[in-house]
Amino acid sequence: MKAQTGLIMGLILALIIAVFAVINVNSVEVNLLFGTGEWPLIIVILVSVLLGAMVAGFLSMFRIYKLKAEVRRLRKATDDHSASVGSRTTGTTHENDDKGKSSRSS
């Protein structure tokens, strides 16, 4: 349900941006670092939205990468802890078995 809500919200947002861009078709002067140019406002709006989406996507990918690394680290720590607990439990069981055998044989 959460994915469907996100998809619907994304489509609504895309529709609003598209309508806003189509309404604004006049040419505007764009001042870049290396010069100026006359571009249709629809291009300026769409390029700005795409660049914003790319930046947000890269930042979220970086965050996901960090979270996956944290999960791997925690899984390794959990596996190491489980292995150490398992070896201690196994060692205790063998000691009890040895004690039981010696008392039975006596």
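The values are calculated or read from the model by the stated rules, or taken from the named source; none is laboratory data. Remember, it's a predicted structure, so these values are computed and weren't measured experimentally. Counting neighbours? That spans all protein chains shown, and the Cβs are built from the backbone with ideal geometry, glycine included. Remember, those area values only see protein heavy atoms, side chains included, never the ligands or the DNA or RNA. Shrake-Rupley method; radii C 1.70, N 1.55, O 1.52, S 1.80 Å.
For Asn26, only one of the following conditions fails: (1) open to solvent by 100 Å² or more (accessible area, probe 1.4 Å); (2) modelled with pLDDT of 90 or more. What is its number?
Going through (1) open to solvent by 100 Å² or more (accessible area, probe 1.4 Å); (2) modelled with pLDDT of 90 or more one by one, Asn26 breaks only (2).
Tell me, yes or no, whether segment 94-103 has at least one residue that is over 30 Å from Ala21 (Cα atoms), open to solvent by 100 Å² or more (accessible area, probe 1.4 Å) and modelled with pLDDT of 80 or more.
Scanning segment 94-103 turns up no residue that is over 30 Å from Ala21 (Cα atoms), open to solvent by 100 Å² or more (accessible area, probe 1.4 Å) and modelled with pLDDT of 80 or more.
Within segment 15-61, track down each residue that is assigned to a helix (DSSP H, G or I), without any contact (Cβ under 8 Å) to a residue 24 or more places away in the chain and touching a helix residue (DSSP H, G or I) at 6+ places or on another chain (Cβ under 6 Å).
Passing the criteria: only Ile42.
Only one residue in Ser82, Ser87 is open to solvent by 70 Å² or more (accessible area, probe 1.4 Å) and at pLDDT below 90. Which one?
Ser87
Hey, could you check segment 29-62 for residues that are of a type in the set (Val, Ile, Thr) and surrounded by 10 or more Cβ atoms within 10 Å (Cβ to Cβ) and say which is modelled with the highest pLDDT?
Result: Val55.
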